[in-house]
Every structure is written in C-alpha cells, then in structure tokens.
Amino acid sequence: MALQIYNTLTRMKENFVPREPGKASMYVCGPTVYGYIHIGNARPVIFFDVVRSYLENQNYKVNYVVNFTDVDDKLIRKAEEMKLTVPEVASLFIDAYYEDLEGLGIPKATANPRVTENMDLIIAFIRELESKGYAYESGGDVFFRTKKFDGYGKLSGQNIEELQFGIRIEVDERKENPEDFVLWKAAKPGEIHWDSPWGKGRPGWHIECSAMARHHLGETMDIHGGGQDLQFPHHECEVAQSEALTGKPLASYWMHNGYVNIGGEKMSKSLGNGVLVKDLRGRYKREAIRYFMLSNHYRNPLNFSDEAMLQAERSVERIENALNNLRYRMKESADAQGGGAATPEWEKKLREIWLTFHAKMQDDFNTPDAITAVFEWVSEVNALLQRQEVSRADLEAAHKLFAEMNGVLRIAAEAEQELLDEDIDALIAERAEARKNKNWARADEIRDLLNEQGILLEDTPQGMRWRRK
C-alpha cells in the first residue's frame, strides 16, 4: 500500500513521497488569537493531528508547525474592547487554545511560532522580495506585484482577471494593480507597530506564514494544510511570495478541509454562529467530539447538530464497551499463561481488519471508512467474548490491534487505573476528616473522584460504607 494524498494544487490524488526519506514536514495555518476557537476552527486542528499521528504510525519523523497570528486588525479591535494591550489579548487566547487542545486530546505541534516573535524574519523576507522587483512601497505600505508572478491563481483556480474587485479584492488606489496584496502596513496613530525600512508598521496577513514556514521547514515543505476558506487569498498569496523569492515550490502537497456548517450556514466568528470548543467540551466527551469530526471525509462539509453529537457519543460508547469488556476478560486471565501466538483463524480476522484500516487511511486519510474498520473490530471482539474459552494470546492480539487504530484516531478513552481497596479506604478517611474540619471543598472533591471511579458511598448505622457500581 502507498499513502495517497489529494493535492489541491493538481486536483488529483498523488503518492506521498517526502523530500527526505523517513521524515515529513507539515505547516498548518493556525488561529488568529483574538477569541476562543469554535468547532469550525477545531476541524483542521483535529484532522491534521490525525494526519501527523498516521504519518508517525508509518514511521515518519514529523516536523509539525502551526503558527499563531498574534497581531492584526481583529486583535487591535479586541484589545480596545477589553482595554488590554494586543500582546495581553494574544496571550490570553493562546493559553485558551492550548487548554482546548489538551481537552481534545491533542499534543502540541513541534513549533508554534508567533508573528510578533519573528518580525526580523518577516521584514527580511519583504526586503528580499523588494530587491527582486516583486515588492514596492506606496504611501507607507508595501505591496506584492502579482502581475510579475506568472503563477498567481494556480492553487485556487481563480481567474484573476475576472475577480470582482472590491468583493474578493480590496480596492486601493495606491496599488499598481487591483489584485496586488499588502506585505507591510503602515501603522495608524496609536497602533502597535515595529520599525522597518518603510517606517513604523506591521506585517500583512499572508507574509507571516511564508517567512515562518521557510525558517522552520526550509524553502519547500512536504504538506501545507488549512481550511478550505484559506485557499484564496491566503494560500494563493503565500505561493506567490514564497515561490517568487525562492523559485521553488512552497509545498509538495496542499491539503484543505471542508467547512463545518450549522443551520445550513458555514460556521464562522464573523457570522457569530460558532459553537465554542470550550463550551462543547463541557457537554460532550472529547472522544465524541473527535469521533464527530472524523466521521465525514475531511474534504467534505460537516453538519453540526446536537443530534449528531449524541449519535457520536453513542458510537463511542459502543466502542468503549467492547474495549472495556476485552480488558476485563484480559484481567480475569491475568494469571493464565501468557505468550504464544494467536489462533490462525483469529489472526486472519485481525489481519483483514488491519488491512482495511490502513487501506482507508492511505486513501487520502479516509477516516470515516477507517472508523468502519474499528466497528468491524468491535463486532469480532464481541463475538469472541461470547466464548467460554478464549486464549490469552487472542485477547492480547485484539487489544494490540485496537491500540494501533485508536492511537491514530483517539476516539476511545484510555482505561483509568482502578483504585485499590486500601486507596478507597484512605480517601474515605480523608473525606471524613475534611468534613470534620468543615473543609467542604476537599470533601466534595474526594466524593466526585470516588464517583468518577465508580465507587458508591452509603451511610449505615455502622458508619460510612462503600461499594463498586
């Protein structure tokens, strides 16, 4: 099997061949940190995390970069509303972003560069473009000459001559051509700014990613990803300014995920119809959120509703029930003799599921069909556990396969370590002492911990007793 990726640039699936054997470089455009992320923002966060996980499963060492846009017009307006500085607003919502990542079971990227920490790189990039005739200063701003770059429009398939300027392109009389885009913006009075050869100002949106991607991943990366809405103008402009400078492709493969819709409309901050991840995490398990996001192919739109989330929760519960039953059976047989090989019949069934899972993942990361393979595993394991006699080797082989699939998708919770009887007795004694000292917060915390572990507390004439659910 060979991993195939649908390349937005070529409009076809292509075999994945990294620039360096055994290594994969990825850049995914991250959030503009002026608010909490909603689930439309979370779709690329979850999906490209799965891409990274699967590449690692295939023994690639992945260099995964996700940027933060921590200065732009939206942040300036937000800072004014909150009566904070732009860096304070950025720090607040970067911390919130990391909390959401942790809540979704997503490890941090290899690097999360911030625009404000890379200003010298960005200014140097613009100066190089200027020296090659691709950039020009006008009225304190610096613009990119799109007419000079022959490939402008190739990524998004836009016919640049037919664009409705003023709708898709901002009209500015200082530009040589309407489609030219800004690289450096002169600061307005009182705005956050940096010194530059063109005066005090700050970068345009597109240039930041080109500069930081080149710094972290070199002149050509393997995969550049992001939401469908970034194809034009953001990624189109990235292509133009990067390839004009280096003469090399910015990325070998371009990947774009579809929108998340709610009530028939694209979810976005500007429309005010976003469901915040921090709120969703309070209502649903993270595994259910991940399941929902991966239940449709990443290039297709995804329709959010509470009904869809409840269905995702039920599906996750079915998977976890099979997994927990398997683990219980393994625990029961812990004293049985381990080692040995699984039975040939069982090994064959697991092999077929393994082949299906990887065939679907290697077909442009087809997560919904890969999840179908997980449910094939559920059905087979449920049937296996109906038998009175099951070999320890068969149980272990089933668990190993699930761990591999779930290690990529992470749609089922890892088993928590069960509290020992003596641990429970110690916690109950601590709770009694806390109540005696009127430390109600600690008493409630211990009660909730025990409840989460399936421990029921009962008052009896002889004192507090406990039992497992």
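General observations
- Inter-part distance, the range 316-376 to the range 98-154, computed on C-alpha centroids, equals 44 Å.
- Length gained when the stretch Asn439-Glu14 is fully extended (0.36 nm per residue, less Cα-Cα span): 146.8 nm
- Bridgeable lysines around Lys400 (alpha carbons under 23 Å apart, same-chain partners fewer than 8 residues away excluded): Lys61, Lys331, Lys348, Lys349, Lys360.
- Separation of the Lys348 and Met330 label points, Cα + 7 Å toward Cβ, nm: 2.5
- Taking 0.36 nm per residue of separation and subtracting the Cα-Cα distance, full extension of the segment from Asp73 to Arg467 would add 136.1 nm.
- Cα pair count fraction exceeding 14 Å, expressed as % - the range 70-153: 75
- Taking all protein chains together and a 1.4 Å probe, the residues Arg299, Arg327, Arg19 rank Arg19, Arg299, Arg327 from largest to smallest accessible area.
- Projected area, mean over directions - the range 299-441, Cα convex hull, nm²: 12.9
- Positive-end extreme of charge dipole, the range 29-173 - chosen from Ala96, Gly30, Asn159 (charges on Cβ): Asn159
- Rounded to the nearest 10 square angstrom, Tyr6 shows an accessible area of 50 square angstrom against a 1.4 Å probe.
- Value at 222 nm in deg cm²/dmol, rounded to 500, when DSSP H runs of n ≥ 4 in the chain each add -39,500 (n - 2.57): -14500 deg cm²/dmol
- Solvent-accessible surface of protein heavy atoms, probed at 1.4 angstrom with all chains present, puts Lys175, Lys248, Lys400, Lys78 in the order Lys400, Lys248, Lys78, Lys175, largest first.
- Label-reachable residues, the range 211-244, where backbone N falls under 18 Å from a point 7 Å from Asn177's Cα toward its Cβ: 232-244
- Estimated FRET transfer efficiency (Glu430, Thr372; beta-carbon r; R0 45 Å; 0.05): 0.45
- Unit Cα scatterers, Debye sum, the chain: log10 I(q)/I(0) for q = 0.08, 0.10 Å⁻¹: -0.60, -0.86
- Rolling a 1.4 Å probe across all protein chains gives Met293 an accessible area of roughly 10 Å².
- 16 Å Cα-Cα reach of Lys74 towards lysines, excluding residues that sit fewer than 8 places from it in its own chain: Lys83, Lys185, Lys188, Lys269
- Per-residue accessible area (protein heavy atoms, 1.4 Å probe) orders His256, His399 as His399, His256, starting from the largest.
- DSSP beta bridges in the chain [antiparallel fraction, %, rounded to 5]: 50
- Here the range 347-386 is treated with +1 on each Lys and Arg Cβ and -1 on each Asp and Glu Cβ, and its dipole about the Cα centre works out to around 140 debye.
- Heavy atoms of His206: accessible area, 1.4 Å probe, square angstrom to 10: 20
- Each 5 Å bin from zero up to the one holding the largest Cα-Cα distance in the range 64-215 carries the following percent of pairs: 2, 8, 15, 18, 18, 16, 12, 7, 3, 0.
- Share of carbon and sulfur in the accessible heavy-atom surface of the chain [1.4 Å probe, %]: 46
- For the chain: accessible area per residue (Å², 1.4 Å): 49
The values are calculated or read from the model by the stated rules, or taken from the named source; none is laboratory data. Please read all numbers here as calculations on a predicted model, not as lab measurements. So basically every Cβ, Gly included, is an ideal-geometry build from the backbone, and we count neighbours across all protein chains shown. We work out accessible area using only protein heavy atoms, side chains counted, and drop any ligands, DNA or RNA first. Shrake-Rupley method; radii C 1.70, N 1.55, O 1.52, S 1.80 Å.
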